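Peer 1: Have a look at this one before I ask anything.
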Amino acid sequence: LWGQPVVVENRAGGGTIIGTQAVTQAPADGYTLGVAISALTINPSLRTDLPYDTLKDITPVTQIGNITGALVAHPSFPADNLGGLIAQAKARPGAISYASLGVGTGGHITGELIKVRTGIDMVHVPFSGSNAAYRELLPGRIPVGFVVLESALPHVKAGKLKVLGITDNRRNKLYPDFPVLQETVPGIGYESVFGLIAPGGLPADVLRNMSADIVRVLDTPEIRQQLALQAMAVTASTPAEFSDVIRRDIDHWKRAVKESGANVN
């Protein structure tokens, strides 16, 4: 598209802080892009020592789509939706554990928020990623957990897990039969952003051209089909629209963290 080689650098660690900091410290010349996920908007509420200002030191380029989270359960668990889980937890206070993909993730905060909103007691068990979580979820040693829908689908289709609900604010267009968690507990829904960011201060003409090029690629049937296989509908937003989403999500997580009491300690 741009006639330039692309070098992918995996700056892992720190809940995406290391990678985001690398983007903020790069020259604002259009040659550095970063991948933004929900941690970009969660971290400002959980961490007081961020080495950058999320709203000032990055330039939102485009939102590719949303990464849908899912609350899944082992088939033997005696509930088929969030309402059923709440009933089970009320009947057995402290007896049910729920997995997440790590402390400070959307699933962790949402799980704690559900506990506060409904008055139930469940034990949070964080894991360092999907593989570790599935090692406990698939045999049922931990009965329920928050995971990424895309990674759960093969297990759901094989009958090894069931979906109690998804974290989106509305029914997923690709999987409309999955219930939405906030249909049971209003206000807990979130849509984990997946998009591209650049260093702060990116010149307007560079941003405009870069965003338009990326959106044009996202509009191709091949890319849409590939993302659909990952349970993701394409958003392909403008920079201004993506900026609004980031601000909205920061506000959501600020309220959720405060109410739930979730922390990274």
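Peer 1: Have a look at 246, 250, 197, 223 and point out the one that is crowded, with 19+ Cβ neighbours inside 10 Å and either in a helix (DSSP H, G or I) or of a type in the set (S, T, N, Q) (or both).
Peer 2: Values: 250 fails: crowded, with 19+ Cβ neighbours inside 10 Å; 197 fails: either in a helix (DSSP H, G or I) or of a type in the set (S, T, N, Q) (or both); 223 fails: crowded, with 19+ Cβ neighbours inside 10 Å.
None of the other options fit; the residue is 246.
Peer 1: Shifting gears a bit: For segment 51-77: of the residues being of a type in the set (Val, Ile, Thr) and within 30 Å of residue 140 (Cβ to Cβ), which is modelled with the highest pLDDT? Please lay out each step first, then the result.
Peer 2: First, pick out the residues of segment 51-77 that are of a type in the set (Val, Ile, Thr): 54, 58-59, 61-62, 64, 67-68, 72.
Okay, now just the ones that are also within 30 Å of residue 140 (Cβ to Cβ), so 67-68, 72.
Working: 67: 90, 68: 92, 72: 98.
My answer is 72.
Peer 1: Let me ask something else. So, residue 121, is that one modelled with pLDDT of 95 or more, closer than 18 Å to residue 166 by Cβ, surrounded by fewer than 19 Cβ atoms within 10 Å (Cβ to Cβ) and among the charged types (D, E, K, R) or not?
Peer 2: Numbers: modelled with pLDDT of 95 or more: yes; closer than 18 Å to residue 166 by Cβ: no; surrounded by fewer than 19 Cβ atoms within 10 Å (Cβ to Cβ): yes; among the charged types (D, E, K, R): yes.
Judged against the criteria, residue 121 is not a match.
Peer 1: If we keep just the residues of segment 215-248 that are β-branched (Val, Ile, Thr) and touching a Gly at 6+ places or on another chain (Cβ under 6 Å), which is farthest from residue 63 (Cα to Cα)? First the steps, then the outcome.
Peer 2: The initial filter retains those residues of segment 215-248 that are β-branched (Val, Ile, Thr), namely 215, 217, 220, 223, 234-235, 238, 245-246.
Those left that are additionally touching a Gly at 6+ places or on another chain (Cβ under 6 Å): 234-235.
On the way: 234: 8, 235: 6 Å.
For segment 215-248, the residue satisfying everything is 234.
Peer 1: Search segment 220-236 for residues that are among the small types (Gly, Ala, Ser) and pair each with any residue that is surrounded by 14 or more Cβ atoms within 10 Å (Cβ to Cβ) and part of a loop (DSSP other than H, G, I, E, B) when their beta-carbon atoms are under 8 Å apart and the residues are at least 6 apart or on different chains.
Peer 2: Sorted first by the residue in segment 220-236, then by its partner, the pairs are 228/174; 231/68; 231/172; 231/174; 231/175; 233/172; 233/174.
Yes/no matrix, rows are residues, columns are (1) part of a helix (DSSP H, G or I); (2) out of contact with any Ser or Thr (no Cβ under 8 Å at 6 or more places or on another chain):
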| site | (1), (2) |
| --- | --- |
| 62 | no, no |
| 115 | yes, no |
| 128 | no, yes |
| 155 | yes, yes |
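Peer 1: Considering only residues that are under 19 Å from residue 193 (Cα atoms) and touching a Ser or Thr at 6+ places or on another chain (Cβ under 7 Å), look in segment 17-41 and name the one that is surrounded by the most Cβ atoms within 10 Å (Cβ to Cβ).
Peer 2: Going through the qualifying residues, I end up with 40.
Peer 1: Can I ask one more? Go through segment 237-256 and count every residue that is within 20 Å of residue 116 (Cβ to Cβ) and either without any contact (Cβ under 8 Å) to a residue 12 or more places away in the chain or assigned by TED's automatic domain parsing to the domain that holds residue 121 (or both).
Peer 2: Residues in segment 237-256 being within 20 Å of residue 116 (Cβ to Cβ) and either without any contact (Cβ under 8 Å) to a residue 12 or more places away in the chain or assigned by TED's automatic domain parsing to the domain that holds residue 121 (or both): 2 in total.
The values are calculated or read from the model by the stated rules, or taken from the named source; none is laboratory data. Fair warning: this is a prediction, and the values are worked out from it, not measured in the lab. For neighbour counting, all protein chains shown are included, and Cβ atoms are generated from backbone atoms with ideal geometry for every residue, glycine included.
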